[in-house]
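Laboratory data are not the source of any read-out in this text; all were calculated from the coordinates shown. Source: prediction; values computed, not measured. Glycine also receives a Cβ, built like all others from the backbone with ideal geometry; neighbour counts cover every protein chain displayed.
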Amino acid sequence: MVITPPQTVEYIISRLGEVKEDQKILDPCVGPGIFVKKLLESGIHSNQITAFDINSSFKTEIKQLDISFKEQDTLLALYPDSYNEFDFIVGNPPYLNKASTYVRINRSKLNKIYGKINAHETYAMFIVNSIWRLKEGGKLGFITSDSFLTLSTHKNLRRFILNNCKINEILLAPKSLFSNQNVSTSPVIIILTKCSGKKNKKARENHIMRIVPRVDSEGEYQSPSYINDLRQIKYNSLPFNIFYTDVDEKVIELFEKSPRLKEYLSGFIGMHTHNNRKYIAAIEGTELVNVFKKRNMKSKESIQKFKIIEINEFKTGEWKPYLKRGGGDQYYRPIMEALDWKEESIKNYDIPKNVPFEQEGIVISGVSSRLAARIMPRGCYWDSNKAIGFIIKNKVISIPYILGVLNSSLYNYLAKGIINNTSSIQLTGIHALPIVLPDDKTKERIEDLVKKIINNKRKDQNYNYVIEQKKIDNIIFNFYKNRFNFSFSLKDKLDESFAIY
Ligand SMILES: C[S@@+](CC[C@H](N)C(=O)[O-])C[C@H]1O[C@@H](n2cnc3c(N)ncnc32)[C@H](O)[C@@H]1O
């Protein structure tokens, strides 16, 4: 079990403000009681404190502190009188995810209670549960995983917080906070005041939050080198209500003032064959053949082999070009896979209706460490996983132009640095990117560079396009900079962390 370091506990308690003698405090997952002990040390009376824990082994130790203790599952033990009960709630909720035994065993019960918000991670459910348990005006102080701030899977939790609380503070705690306990997390301290209901909407939106980007040590909590005082309404600016901590104001403005990419480009989830090994073949002469050959060597005789077909067979009409691989390749990649298109095979596929397969467009890797977009020739089908097909909706942007934009360092930052910082890229995340329509000159310059890269990559897939890419990055950055007054330090950040070179 993870124990919160004392300095962090003291800081959280210090941010709660004054605790009056008649006010009640809860630690909903008390463990050995570090929060409770610090509360007592700070002069709070033991009869003001309540603690819960699912684990009975702390019972004797906690009872000795003379506080009220209940051995119970805080997430499931919700009774009508559990709501609006406490003035303060503090703690370090457990970080169990959907693969944990606890969540798997209790899935249906948790789903009933938290399903509309998030029933996958215990810390997210503890936040919701604790907000319910707080009185109006009551305060919550937690140290927890920071992943709910940005991941799109937590958008409902963020909306729940925005609709029910004033966010007093978000402080990204040191990454090393728990490393002496061999736990690697990315922790955040969050302080909230319950302020729910429609009537308080304006008060919540106008509330000024103290936002502190990652600090390196606990010593920096009280006076960090940078504090961002943001009005809470600003958490409506980015897609999915992302709780950003250090995004440049001008970049936020780009999201606020520009149309979304989905107005110009439509992405579609692809199809299922239900048996890729049976129906998908590698095309002779492509890199994939080596992968398939290796896999076949490893697999036992009895297991169906990965198929490899000759180019001539691919061209017979019994196969369709297929896209199912992620990865960081940009602009162009030869078609490596073929989809069995015999009538008796097609019958087994789930091909979604209304998806414009076979049209020319672009394909974006759904799993990749960077945003990677490639040209998608006419005739292709794509899988429901790892590759997402997109079709241009509005001819004011062209395929080469949009490839240049999406493969630029600026867009890699918008997509991977801001919207989604995991290795997967969601269709909705791409749709939510902002786009500024280019002037003719910018469009032409980008198109020329992109066509050059594509032509060279067709001849040699390993063609090094760094020179062209630098030009593309600069043109796109300057074009956006002129409209949104981006700073040069943003360009430095892009060059350092979001460029391919
Ligand atoms: C990360 S530890 C925090 C311990 C202590 N509060 C601290 O910060 O040092 C989380 C605690 O939550 C308890 N816990 C886990 N799931 C729980 C649940 N569903 N209800 C109540 N307590 C739970 C664990 O037994 C553990 O003591």
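Structure data summary
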{"item": "For Met1, Met271, order by how many other beta-carbon atoms lie within 10 Å, fewest first", "result": "Met1, Met271"}
{"item": "Rounded Å value of the spacing that divides the Cα centres of region 345-418 and region 172-234", "result": "36"}
{"item": "Rule-of-thumb Rg ratio for region 6-246 [Cα; 2.2 N^0.38 Å; N residues]", "result": "0.96"}
{"item": "Percentage, to the nearest whole number, of Cα pairs in region 251-327 over 17 Å apart", "result": "62"}
{"item": "Cβ-placed point charges (K, R +1; D, E -1), dipole of the chain about Cα centre in debye, nearest 20", "result": "1360"}
{"item": "Rounded to 5, percent antiparallel among DSSP beta bridges of the chain", "result": "60"}
{"item": "Volume per residue that the Cα convex hull of the chain spans, once the total is divided by residue count, Å³", "result": "188"}
{"item": "Pairwise centroid distance, computed over Cα atoms, of region 422-438 with region 60-122, Å", "result": "35"}
{"item": "Globularity ratio of region 412-477, using Cα Rg and 2.2 N^0.38 Å", "result": "1.31"}
{"item": "Estimated 222 nm signal from helices in the chain, with DSSP H stretches of n ≥ 4 weighted -39500 (n - 2.57), rounded to 500", "result": "-9000 deg cm²/dmol"}
{"item": "Region 375-447: mean projected area of Cα convex hull, nm²", "result": "5.5"}
{"item": "Relative pair counts by distance (%), Cα atoms of region 265-392, 10 Å bins", "result": "13, 44, 36, 7, 0"}
{"item": "Long-range amide H partners of Leu134 with built H, under 5 Å", "result": "Asn84, Glu85, Phe86"}
{"item": "Per-residue ³J(HN,Hα) for region 64-74, Karplus 6.51 cos²θ - 1.76 cosθ + 1.60, θ = phi - 60°, Hz, x for Gly and Pro", "result": "4, 7, 6, 9, 7, 10, 10, 7, 7, 7, 4"}
{"item": "Assigned charges on the beta-carbon of Lys, Arg, Asp, Glu; region 6-246 dipole about Cα centre (debye)", "result": "1240"}
{"item": "Stokes-Einstein D for region 2-73, Kirkwood Rh over Cα pairs, 4 °C, 1.567 mPa s (µm²/s)", "result": "105"}
